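Note sheet for the following structure.
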Amino acid sequence: MKKALAVVSLVAAFGAASQAGAVTLTLACGAVGQELELCKAGADRWAKKTGNTVRIFESPNLTNDRLGLYQQQLAARSSDIDVYQLDIIWPGLLSQHFVDMKGKVPAAELSRHFPRIVEANTVNGKLVALPWFTDAGLLYYRTDLMKKYGYSAAPKTWAELATMAKKIQDGERPSNSTFAGFVFQGKNYEGLTCDALEWISSFNGGTIVDNTGKITINNPRAAQALDAAASWIRSISPAGVTTYGEEEARGIFQSGNAAFMRNWPYAYALGQSEDSRVKGKIGVAPLPAGPGGKPAATLGGWNLGVSSYSKNQAAAIELVRYLTGPEEQKIRAIEGAYNPTISALYKDQAILKANPFFGSLLSVFTNAVPRPSAATKGKYNQVSQAFSTSVSNVLNGKAKGQAAVAQLSTELARIKGRGF
């Protein structure tokens, strides 16, 4: 693969690790989609260049499960894992367990990443992790079915999506009884927090807790957004959608059994793979807007941090610098549709050829809505769990939107106490 960017000599940049003698590092990688294989391939390239060895620790798919496992390891001050893959919402929660990389990473390297992602990885002046790839929610749709049913463009509003999904679903059901209009992440976990934040924000219903720490969820537009989502269940979305994570939704869409899907960018490369039933039939667009609102995509993304308990911190930092550098980010973008955090790569022609929507939807990624992890600090996990549980109750018909947001507001006030 030709390099579109000039990369500092690997011998010079990563010589520190090999000069210190060969070491063995353990890298915790996710396993959603192609994450595991691409993570391992990148680690193997670094190991080959430096003479070191990298073992891969396979983390659970669901974010909540992964966080629980990480917290156990870190609380025990375990040196078993040297480099952790960290969700964009975790630095504030886990910062005390990670090496401060400020001063250990050249300023020129940091400056090539999107500033807001570097900021999200910085806690009280401490650089907890380096950006690896960024994420934002997207709408996937079947281009062939859109044409078949007379639609020339992706839906701009949730109401339009519901209408289009129902028409396509009804038309496909005679030959495919399990065909769904729309699939998304409806399981009660962090993925539902992401999806529901998009619904609420696109209805002008706020961000659950604002950036000053004020609880804002109890408002009519937020309630309206949740009721709208609940109306999809058993209409354009199967009852089982309330048990779906990213991979369950992707599996249904990729097997040709859904017209629309909400998912992260990684699903595009897999959908275009040789064994995909929808290869060449996938469109990507911003998520729809609510009444009088504008599209909203939740900011996701993952970063790499070095454990304070690692016995080989210098080598671990070099591994992180390599994996988050332009060469590796380009490979991951082309092979797995993982969005780079390095702005210059969005002009790379090989990347744009593999992922045409990276260029046209750049504003979606650069203006994504952050979850309120910064405002709620160490209590974010409790806030998110309370939120996703309330949303789950609405989706499952246990509560209406207005009652759910009112009760949630009370619960969040309890969690906040004297302050986040």
Subset of region 141-192, residues more than 30 Å from T63 (Cβ to Cβ) and aromatic (F, W, Y), comes to Y149, Y151
Counting only helices (runs of 4 or more DSSP H) wholly inside region 19-108, the ones holding at least 1 residues that are of a type in the set (A, V, I, L, M, F, W, C) and more than 20 Å from the chain's Cα centre (by Cα) are 35-50, 63-75
All-but-one check, Q73 against (1) under 18 Å from L25 (Cα atoms); (2) open to solvent by less than 30 Å² (accessible area, probe 1.4 Å); (3) not charged (D, E, K, R), failing number (2)
The residue that is modelled with the lowest pLDDT, considering only those in region 79-92 that are open to solvent by 10 Å² or more (accessible area, probe 1.4 Å) and closer than 13 Å to N303 by Cβ, is G92
N124 meets each of (1) surrounded by fewer than 23 Cβ atoms within 10 Å (Cβ to Cβ); (2) under 20 Å from the mean Cα position of the chain (by Cα); (3) not small (G, A, S) with one exception, condition (2)
### Message
Residues that are touching a helix residue (DSSP H, G or I) at 6+ places or on another chain (Cβ under 7 Å), among the aliphatic types (A, V, I, L, M), open to solvent by 40 Å² or more (accessible area, probe 1.4 Å) and touching a residue at least 12 places away in the same chain (Cβ under 8 Å): does region 301-317 have at least one?
### Response
yes
Note: among N339, N367, just one is open to solvent by less than 20 Å² (accessible area, probe 1.4 Å) and either under 18 Å from the mean Cα position of the chain (by Cα) or small (G, A, S) (or both), namely N339
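For every residue, the table says whether it meets (1) outside any loop (DSSP other than H, G, I, E, B); (2) of a type in the set (K, R); (3) more than 23 Å from the chain's Cα centre (by Cα).
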| position | (1), (2), (3) |
| --- | --- |
| W132 | yes, no, no |
| L139 | yes, no, no |
| S152 | no, no, yes |
| T163 | yes, no, yes |
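The values are calculated or read from the model by the stated rules, or taken from the named source; none is laboratory data. Quantities reported herein were computed from a predicted structural model and do not represent experimental measurements. With ideal geometry, Cβ positions are generated from the backbone for all residues, glycine too; neighbour counts draw on all protein chains shown. Protein only, heavy atoms only, side chains kept; ligands, DNA and RNA dropped before computing areas. Shrake-Rupley method; radii C 1.70, N 1.55, O 1.52, S 1.80 Å.
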